[in-house]
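Beneath this line is the structure, given in structure tokens, with notes to follow.
Where a number appears in this text, it was derived from the coordinates with a stated rule and is not lab data. These numbers come from a predicted model, not from an experiment. No Cβ is skipped: glycine too gets one built from the backbone with ideal geometry, and neighbour counts run over all protein chains shown.
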Amino acid sequence: MSDEKYLYVKKNWCKRCGYCIEFCPKNVWEFGDDGYPYPARPQDCVRCRMCVNICPEFAVIGEEEVTIKLEGR
Amino acid sequence: MKSAIHDYLRPKKKFPHVWCPGCGHGIILASIVRAIEAAGKNRDEVVVVSGIGCSSRAPVYVDFSSIHSTHGRALTFATGVKVANPKLTVIVISGDGDGMAIGGNHFIHACRRNIDLTMIVFNNNIYGMTGGQASPTMPQGDYASTAPFGTLERPFDVCKLANASGANFVARGVVTSPIPLEKHIKKGIEKKGFSVIDVAETCPTIYNFFNKTGNPLKMMKDLKAKAIPVQKANTMTEEELKGKIVTGVFADRYYPDFTTSYDKIIMDSAKRSMKDEESI
Ligand code: SF4
Ligand code: SF4
């Protein structure tokens, strides 16, 4: 099983709408200095999947295998 | 933490997709894919049919058999697929313009026919792709390229229309709550007969251009604030419900569906002709 707290944003798909940040019930996400969201407080994540489900770009990924599979796309 | 959508993206498609930043279509598409998976459907037995419009581009991104058909006619192509092979799970993706205006007649008759399709209406209240015309679900008084002084007509309520026309399952979801949305779609897929899931979403580009509704995030927050579950809505007055979007299940019936009734006619007449032969 992959890392319980794995959270990743695929930056070349993200369009920076900010939904992941706004709709996370645990306030895990923030915009980074590069303008893209990153999990600033991953320890607070309760694995509700809101960020994954609300991202219109399929850019929030919760499994390392998926990140690897989509590498280069 | 699984996200079904990543298992179903067509390998040769380019991403990010064409939809504007903050457009709700991606959220609905991912919810449809999760619902198909949750309903235990084999991807080779699922057909996704769409018409024309921003929303109708959805099937090209996911790995199911698909038909990207003509404007307003998604239901007619889907009806043909279903009647030819009733074993297939047929999903129809349509926008509010495509489905309720150009295809409005097909819509009411598909409800009346109660054919076993699941129609998901990507409802952002405007024609995005074709130039910002007012759609049949645009709130009265809102602006569009064809309504520079505000639209004069009252909007269709997709769910009321579907309910009155006889669809077996009618529900409304909203993109700000993707899990209930997925559950409604799953229920629609599992239901024999015609299912309609109206999905309230935002168009942060064209709608915003004519109505100054704010950036994508503001529009999403406003949408969330407007959504009221049907149980709560039942306790509110018409005045209080003004401008709100009622979500939940509005019809869940068990009328016989079209292809089952059709098969029955074939079986009955086959039996009759066998009897006739025996009596000769
Ligand atoms: S929801 Fe998706 S597209 Fe929007 S900011 Fe977050 S990762 Fe980027
Ligand atoms: S899974 Fe839920 S709690 Fe965890 S980061 Fe995503 S939205 Fe926040």
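Among beta bridges identified by DSSP and lying wholly in the protein assembly as shown, the antiparallel ones come to about 30 percent. Using the Stokes-Einstein relation with a Kirkwood hydrodynamic radius computed over Cα pairs, the translational diffusion coefficient of segment B:27-145 at 37 °C and a viscosity of 0.692 mPa s comes to 226 µm²/s.
In percent, rounded to a whole number, the relative contact order of segment A:8-69 is 40, using alpha-carbon pairs under 8 Å and six or more apart. According to the calculation over all Cα-Cα pairs in the protein assembly as shown, the P(r) per 10 Å bin from zero is 5, 24, 33, 23, 10, 3, 2, 0, 0 %. For segment B:122-270, the calculated P(r) over all alpha carbon pairs, in 5 Å bins from 0 to the bin holding the longest distance, is 2, 9, 15, 18, 18, 14, 10, 5, 4, 3, 2, 1, 0 percent.
Over 31 Å apart at the Cα level, from the set A:Lys15/B:Lys232; A:Lys15/B:Lys160; B:Lys41/B:Lys271; B:Lys87/B:Lys232; B:Lys187/B:Lys264; B:Lys2/B:Lys192, are A:Lys15/B:Lys232; A:Lys15/B:Lys160; B:Lys41/B:Lys271; B:Lys87/B:Lys232.
Mean-square fluctuations from a GNM of chain B, with a 10 angstrom spring cutoff on Cα atoms, peak among B:Asn124, B:Asn42, B:Asn208 at B:Asn42.
In terms of its Cα atoms, segment B:77-136 spans 38, 19, 14 Å along the principal axes, sorted from long to short.
Determine, at each q value in 0.17, 0.18 (inverse angstroms), the log₁₀ of I(q)/I(0) that the Debye formula gives when each Cα of segment A:8-69 is one equal point scatterer. Evaluating at q = 0.17, 0.18 Å⁻¹ gives log10 I(q)/I(0) of -0.50, -0.56. Along chain B, counting only chymotrypsin sites (Phe, Trp or Tyr not before Pro) with a DSSP assignment other than H, G, I, E or B and at most 11 other Cβ atoms inside a 10 Å radius, the longest segment between sites is B:1-148.
The Cα-based radius of gyration and maximum Cα-Cα distance (Dmax) for segment B:4-279 are 19.4, 76 Å. The distance from the alpha carbon centre of segment B:41-70 to that of chain A is 27 Å, rounded to a whole number. Considering only B:Val230, B:Val249, B:Val92, the mean-square fluctuation computed in a Gaussian network model of chain B, springs between alpha carbons under 10 angstrom, is largest for B:Val230. The spacing between segment B:96-129 and segment B:200-276, judged by their C-alpha centroids, is 10 Å. Just want to confirm a number: the relative contact order over segment B:4-279, from Cα pairs under 8 angstrom separated by 6+ residues, in percent. Normalised by residue count, the contact order of segment B:4-279 is 18 percent. In straight-distance terms, cross-link reach from B:Lys242 covers every one of the aspartates and glutamates whose alpha-carbon lies under 19 Å from its own, apart from those fewer than eight places away in the same chain; here that gives B:Asp142, B:Glu153, B:Asp157, B:Asp198, B:Glu201, B:Asp222.
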